[in-house]
Amino acid sequence: MTPLILIPGMMCDARMWGDIPARLGGRQVIHAACHAADNMAELAAIVLRDAPPRFGLAGLSMGGIVAMEMLRQAPERVERLALLDTNPLAETPEVQARRVPQVARALAGDLASVMRDEMKPNYLAPGPGQAAILDICMEMALLLGPQVFARQSRALASRPDQQATLAAFARPALVLMGEADRLCPRARHDLMHALMPQSRLAIVADAGHLPTLEQPVATTAELLRWLAD
């Protein structure tokens with residue numbers, strides 16, 4: 001079986017995938033970080049440098065944006081692509097402007113409140129497990145720290161539009177989102193699905209931006225279906 005590279009979202013690590021990797025039928029899973037540079041081109045190049053010659057590729061949120069840049073740089077190496085709760089478009093000036101004070105606060109020692117007040121409320125669908133998942137998100141973010149927050153924020157702010165990259169990809173693809181995702185809404189996923197007409201569009205009920213933790217059973221089922229294509 002072809003190895004599978006998993007790339008987590010902003011201020012997340014491998015814990016963002018929960019127990020999904022263990023449920024993928026014994027497939028070799030490689031967890032790739034995306035926090036060693038402040039631009040998408042370099043972040044993707046770092047993952048590609050250590051990756052197998054050919055691989056499946058799945059990324060959520062910022063991880064999906066890194067995955068799209070990897071596809072742009074090395075399309076011949078990507079056997080299949082899964083994009084979860086992400087966005088193929090360049091960042092708008094309005095969002096870029098909001099990042100500036102967030103980065104300043106994080107670097108001044110206020111990362112916890114940035115995550116708590118401005119980011120975490122938008123992550124999840126309502127549900128009984130929300131508090132525990134938000135605690136995991138905060139643990140991941142604080143472990144990575146303010147410098148990673150700054151680098152990732154700058155990389156997201158300067159990212160390129162990847163619509164042409166996706167339109168050129170003809171291999172098996174999955175576009176998946178949590179139905180209640182407010183950070184990356186349905187229109188972005190409809191666009192990616194339209195750019196890759198061979199893709200499957202999966203909408204996970206009772207999930208927001210992190211369906212891997214909110215609805216792991218449904219998310220795993222969709223990933224297994226994609227891996228079997």
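Quick note: the coordinates plus some simple rules give every number you see, no bench work behind them. Since the model is a prediction, treat every value here as computed from it, not as a measurement. Methodologically, a virtual Cβ is constructed for each residue, glycine included, from the backbone with ideal geometry; neighbour enumeration extends over all protein chains shown.
Quick notes
- Convex hull (Cα only) mean projected area of the range 45-125, reported in nm² to one decimal: 6.9
- Reference-scaled alpha-carbon Rg (2.2 N^0.38 Å with N residues) for the range 153-229: 1.15
- Each semi-axis of the equivalent ellipsoid for the range 121-169 is √(5λ) with λ an eigenvalue of the Cα gyration tensor; in descending order they amount to 28, 19, 8 Å.
- Cβ-to-Cβ counts within 10 Å put Glu214, Glu118, Glu76 in ascending order as Glu76, Glu118, Glu214, the fewest first.
- Relative contact order %, the chain, counting alpha carbon pairs below 8 Å whose residues are six or more apart: 25
- Taken over the chain, the convex hull of the Cα atoms encloses 105 Å³ per residue.
- Summary value for the range 22-115: 21 percent relative contact order, contacts being C-alpha pairs under 8 angstrom separated by 6+ residues.
- Prolate/oblate/rounded call for the range 99-229, Cα gyration tensor, a/c under 1.5 rounded: oblate
- Helical segments meeting 15 Å axial Cα length and Kyte-Doolittle 1.0 threshold in the chain (DSSP H): 40-50, 130-144
- Relative contact order (percent, whole number), the range 1-62, Cα cutoff 8 Å, 6+ residue spacing: 54
- Here's how it looks for Arg182: its modeled amide H is under 5 Å from those of His209, which are all 5 or more places away or on a different chain.
- Taking the Cα centre of the range 29-105 as origin and assigning +1 to Lys and Arg Cβ atoms and -1 to Asp and Glu Cβ atoms, the resulting dipole is close to 80 debye.
- Under-5 Å amide H pairs with Glu91, H placed in peptide plane, nonlocal only: Arg159
- Size-normalised alpha-carbon gyration radius of the range 1-76, reference 2.2 N^0.38 Å: 1.02
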